[in-house]
Amino acid sequence: MRVSNAAALILLALPLFAETKVFTNFTLIDGTGKPAAPGVSMIVVEGKIQAVGPAARIKAPAGAEIIDCSGKFVMPGIINSHGHVGATLDMEQGPKFYTKENVEKQLGVYASYGVTTVMSLGTDMDPVFEVRAEERATGRPKFARVYTAGRGFTLKGGNPPDQGMRYAVASPEEVAPIIEKLARQKVDMVKIWVDDNFGRGKKVPPEISSVIISEAKKRGLRTAVHIVDYQDARNVIDEGAYALAHSVRDREVDQALIDDIKKHNAWQIATLTRELSTYVFAESPAFLSDPFLTRSVSPVVLQTVKSEKYRSAMRSSRDFARNHELLTMAEKNLKRESEAGVKIAMGTDSGPPARFQGFFEHLEMELMVESGLTPMQVIVDSTRNGAEFLGAKDLGTLERGKWADLIVLDKNPLEDIKNTRTIQAVYIAGNKVN
Ligand SMILES: [Zn+2]
């Protein structure tokens, strides 16, 4: 009697018309790093994974929608741990383009590529908070989930210029009120740029970055830092930075830095495609004609980056030769850090002009494999690790209790990482993305 009462209570606790979907009979790459498992099915109720396991053991509840995934590969949605949304229109970037519509449109582009979560790192205006609030109200957005650092910090009169999208500070005293504002906005992270543009400008000095990081910490906020140089990486890690938002690019990393990063339990984001984008268009890369790219890029942008004018401007840039070397260095450092057990999250710095949202994340994964990481490592860095980096407990892997953010692929990405591009469908919280 007691048993049946308990059973009745459990039945009553279930929503009467819970939306239930069952994805059947696929090969699962769950994002944890576990080997791929063939013949798996998954029950998704109201957008969350209720059960996942061998197809024979997964019974579809009555009334469930069945999504036959026979012959397909299913992996978690990709998490881009360093992107930018809302500030770019074609080849221009600035706060005047920053609208809710533009943010949502770009999050839609990311989602269409299977990039279901994006950390927008430091160039966000107020509309981002409205988009984020609406997304989190339901947990089931129509486009990629956005995380934001709001406006990041640069040095007044230094590099990069604030462009109306960053806070330019001249002294440590100016920091606390800004951090207070960011905390009120509940930013997901704080961002600092420490970059003197190859010695041509001034960068945020340690006496300011240390205060930003510690003031952020006081309010429970983590700080990601844009660095280029080894010494700046050492400094900000010692100051308590949570992440290096780019690779060290002026020299090879060494054991001292690696030990430091690991001691502080900090993250590395490599942004290899950001380096590639500084020179590759001079060489007319084949990907500019790849339908997987061109379907999402405006004809104006394609025409511009393919034009002789744009290419020759890039070729004659005084940093052209150096930019090649920076990518090589970044790849070498990524491999060394990954092998040494530094936590890596995949990030691209996509979003600014000609840094193509969605496409670049797939290209980044390819470059990470070229750097010497295995496809499995790269997938974990792009899924589970991204979620851990963000502190998003219900994202990143396809396990019971998580949101069903997933990509259905025609081909196995563990055989060739480029197979992440064989997208058959993308789901966010169990809803199919257009
Ligand atoms: Zn960036």
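The values are calculated or read from the model by the stated rules, or taken from the named source; none is laboratory data. Please read all numbers here as calculations on a predicted model, not as lab measurements. Here the Cβ positions follow ideal geometry from the backbone for every residue, glycine too, while neighbour counts run over all protein chains shown.
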Requested in this report: Determine if segment 125-137 includes at least one residue that is within 16 Å of the ligand (Cβ to nearest atom) and either within 28 Å of Ser210 (Cβ to Cβ) or charged (D, E, K, R) (or both).
Outcome: yes
Report task. Return the residue satisfying two criteria in turn: it lies in segment 370-394 and is touching a residue at least 60 places away in the same chain (Cβ under 8 Å) and in contact with a Ser or Thr (Cβ under 6 Å, 6 or more places away or on another chain), and of such residues it is surrounded by the fewest Cβ atoms within 10 Å (Cβ to Cβ). Result -> Arg384
Query - Complete set of residues in segment 51-84 that are part of a loop (DSSP other than H, G, I, E, B) and among the hydroxyl-bearing types (Ser, Thr, Tyr) - result: Ser70
Requested in this report: Among the numbered conditions (1) out of contact with any helix residue (DSSP H, G or I) (no Cβ under 8 Å at 6 or more places or on another chain); (2) among the small types (Gly, Ala, Ser); (3) assigned to a loop (DSSP other than H, G, I, E, B), tell me where Ser247 comes up short.
Outcome: (1)
Query - Search result, residues across segment 308-358 that are surrounded by fewer than 18 Cβ atoms within 10 Å (Cβ to Cβ) and of a type in the set (Phe, Trp, Tyr) - result: Tyr310, Phe320
Query raised in the report: When segment 85-96 is examined, which residues are found to be within 16 Å of the ligand (Cβ to nearest atom) and assigned to a helix (DSSP H, G or I)?
Result: Pro95
Query raised in the report: Which of the residues belonging to segment 237-246 are within 14 Å of the ligand (Cβ to nearest atom) and in contact with a Ser or Thr (Cβ under 9 Å, 6 or more places away or on another chain)?
Result: Ala243, Ala245, His246
Query raised in the report: Taking only pairs six or more apart or across chains, which ones have beta-carbon atoms under 6 Å, a first residue in segment 260-274 that is charged (D, E, K, R), and a second residue that is part of a loop (DSSP other than H, G, I, E, B)?
Result: Arg274/Asp349
**Report entry** Residue match in segment 187-205 (condition: away from the ligand (no atom under 16 Å from the Cβ), crowded, with 19+ Cβ neighbours inside 10 Å and modelled with pLDDT of 95 or more)
**Finding:** no
Report summary line: For segment 247-285, the count of residues that are on the phi < 0 side of the Ramachandran plot, under 20 Å from the mean Cα position of the chain (by Cα) and either within 15 Å of the ligand (Cβ to nearest atom) or not assigned by TED's automatic domain parsing to the domain that holds His82 (or both) equals 12
Report summary line: Within segment 316-352, of all residues that are without any contact (Cβ under 8 Å) to a residue 60 or more places away in the chain and not in a helix (DSSP H, G or I), the one farthest from the ligand (Cβ to nearest atom) is Ser316
Query raised in the report: Does Met42 meet the test of being in contact with a Leu (Cβ under 9 Å, 6 or more places away or on another chain), in a strand (DSSP E or B), more than 16 Å from the ligand (Cβ to nearest atom) and more than 21 Å from Glu388 (Cα to Cα)?
Result: yes
Report task. Inspect segment 111-123 for any residue being within 16 Å of the ligand (Cβ to nearest atom), among the small types (Gly, Ala, Ser) and more than 17 Å from Ala404 (Cα to Cα) and give the result as yes or no. Result -> yes
Report task. Go through (1) within 16 Å of the ligand (Cβ to nearest atom); (2) surrounded by fewer than 23 Cβ atoms within 10 Å (Cβ to Cβ) one by one and return the number of the condition Arg234 breaks. Result -> (1)
Query raised in the report: What number of residues in segment 364-393 are within 16 Å of the ligand (Cβ to nearest atom) and more than 23 Å from Leu221 (Cβ to Cβ)?
Result: 1
Query raised in the report: In the list Gly164, Gly150, which residue meets the criterion of being surrounded by 18 or more Cβ atoms within 10 Å (Cβ to Cβ), on the phi > 0 side of the Ramachandran plot and of a type outside the set (S, T, N, Q)?
Result: Gly150
